[in-house]
Amino acid sequence: MSKIYSFLKSLGPGLLFASMAIGTSHLVLSTKAGAQYGWIMIVPILLANLLKYPFFEFGIRYTNVTKKSLIEGYQNLGKRYLWLYAFITLISTFTILAALYIVTAGLFANLFKISGIPVHIIALGLFALISLVLIIGRYRLLENSLKLVVSILFVSLLITTVLVFYKGQVAPVPDFTPPPIFDEVGVLFLIGLIGWMPTAVEASGWVSLWGMEKLKSMDRPPTTKQALQEFNLGYFLTTALAVFFMVIGWKTLYGTQTELSGNAVVFADQVVTLFTAHIGNWSYFLIAVAAFATMFSTCMTAHDAITRVSLDVLDKLFDTHRFGQNKKAFTLGVLTMAVINWVVITLLGANMGNLVALATFVSFVFAPILGWMNHKTIISKDVPHTSQPGKTLRILSYLGIFFLSAFALYYCWISFFS
């Protein structure tokens, strides 16, 4: 019993990672993958989760062993690596939260049947609510609330997946021909799916900072083994839910040739309505709550993480310790992120596609570099040899770097030369 209690007490960074990762990559991309290409999409989903695993695991491992953040590890490699991570974080600051809050506002409007109120006003309310939760509760409230949210989300989607299997495959339209996966459109979709599945590699720094907060919040910090077990649970949940969303999209939409909208409100209504049309109207609330919980938890964790990372990067770049450990700085950081991203939504909403494309490009191009930085950090002199990853994990890391490099090069090729 004591071991179980210790493990439950150590729950935190892994579940936060799961709630952050289970966002647009799952709700939008996994659903579209199943809807457009069918069950075969389980292959790239599982492959992406497998080959990216080492880079996130290294973040937890490094922090638990050294009691330092992964960002400090970058600094120890050289200031140029820290500047690179700062640049990627800056791009994320102006794009990721705005995109997440737009989709979440659309789901909120759909769930509560709100009409006549612009999406950016609903987003403002969400910014205010989540900012208040983060400022008042900080890490402990974030962790405890998301344990409940992720549990509800997992149960809701498990029930929904079982129901769509029970109901059976939706009937395809007459003369349906499966779309090719390896034409230009299919490959571009694969790049997006794999690039954001389970999330961008720079989030390894976010996981590391949550690990730091967990260490500070416990009288008896978890061992490295316990911390990795907890993270592995969160990572498993992330992978399982990606498969659930893919299965739901495959069983309810594949073969219907339904075009899913890029508009947040319309997309939310499409997804929930199409699912319930297949399963039954009684399931509308269950699916709507699951979809909203998915994006709400992602907004909350991403808002917290980007704030923490920004403050920690500032500390390291300017050789100060005033930001990351300061409650007032954290409060100001949370509010600043809210204001910046709400202004982006309000003024540049029409160009959100271009902003997200910029964030996508930066994430894809620098993913293998960040993966290599994580690998180099975990085998550095900061980490005792006995605590470094084993041969299997190192090989998987090299495969992941090669895999991401190939996709990044191809993405650059089609972006500039095709």
Go through region 62-75 and give me each residue that's open to solvent by 10 Å² or more (accessible area, probe 1.4 Å), assigned to a helix (DSSP H, G or I) and touching a Phe, Trp or Tyr at 6+ places or on another chain (Cβ under 8 Å).
Gln75
When every residue in region 176-193 that is among the β-branched types (Val, Ile, Thr) and either open to solvent by 10 Å² or more (accessible area, probe 1.4 Å) or within 10 Å of the chain's Cα centre (by Cα) (or both) is compared, the one farthest from Pro54 (Cα to Cα) is Thr177
Just to be sure before I move on: is Thr331 within 24 Å of Pro13 (Cβ to Cβ), among the polar types (S, T, N, Q), at pLDDT 90 or above and surrounded by fewer than 14 Cβ atoms within 10 Å (Cβ to Cβ) in the structure I sent?
no
Take region 204-239 and flag every residue that is open to solvent by 30 Å² or more (accessible area, probe 1.4 Å) and β-branched (Val, Ile, Thr).
Thr223, Thr224
When restricted to Leu90, Leu100, the only residue under 30 Å from Trp342 (Cβ atoms), at pLDDT below 90 and under 15 Å from the mean Cα position of the chain (by Cα) is Leu100
One residue is enough: does region 196-203 have a residue meeting the conditions in a helix (DSSP H, G or I) and surrounded by 13 or more Cβ atoms within 10 Å (Cβ to Cβ)?
yes
What number of residues within region 205-262 satisfy the criterion of being over 17 Å from the mean Cα position of the chain (by Cα) and among the hydroxyl-bearing types (Ser, Thr, Tyr)?
8
Picked from region 359-396 (must be outside any loop (DSSP other than H, G, I, E, B) and free of Cβ contacts under 8 Å to residues at least 12 places away in the same chain), the residue least open to solvent (accessible area, probe 1.4 Å) is Ile395
Within region 149-168, the residues that are open to solvent by less than 20 Å² (accessible area, probe 1.4 Å), closer than 15 Å to Tyr284 by Cα and under 24 Å from the mean Cα position of the chain (by Cα) are Leu153, Ser156, Leu157, Thr160, Thr161
With Gly59, Gly106, Gly116, Gly78 as the choices, which residue is free of Cβ contacts under 8 Å to residues at least 24 places away in the same chain and either among the hydroxyl-bearing types (Ser, Thr, Tyr) or open to solvent by less than 30 Å² (accessible area, probe 1.4 Å) (or both)?
Gly78
Members of region 150-195 that are part of a helix (DSSP H, G or I) and in contact with a Ser or Thr (Cβ under 8 Å, 6 or more places away or on another chain):
Val150, Leu153, Thr160, Leu163, Val164, Glu184, Gly192, Leu193, Gly195
Could you say which residue among Leu46, Leu82 is under 23 Å from Phe154 (Cβ atoms), over 14 Å from the mean Cα position of the chain (by Cα) and modelled with pLDDT of 90 or more?
Leu46
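The values are calculated or read from the model by the stated rules, or taken from the named source; none is laboratory data. The model shown is predicted, which means the values in this text are computed figures rather than measured ones. With ideal geometry, Cβ positions are generated from the backbone for all residues, glycine too; neighbour counts draw on all protein chains shown. Each accessible area value is taken on the protein alone, full model and side chains, heavy atoms only, with ligands, DNA and RNA left out. Shrake-Rupley method; radii C 1.70, N 1.55, O 1.52, S 1.80 Å.
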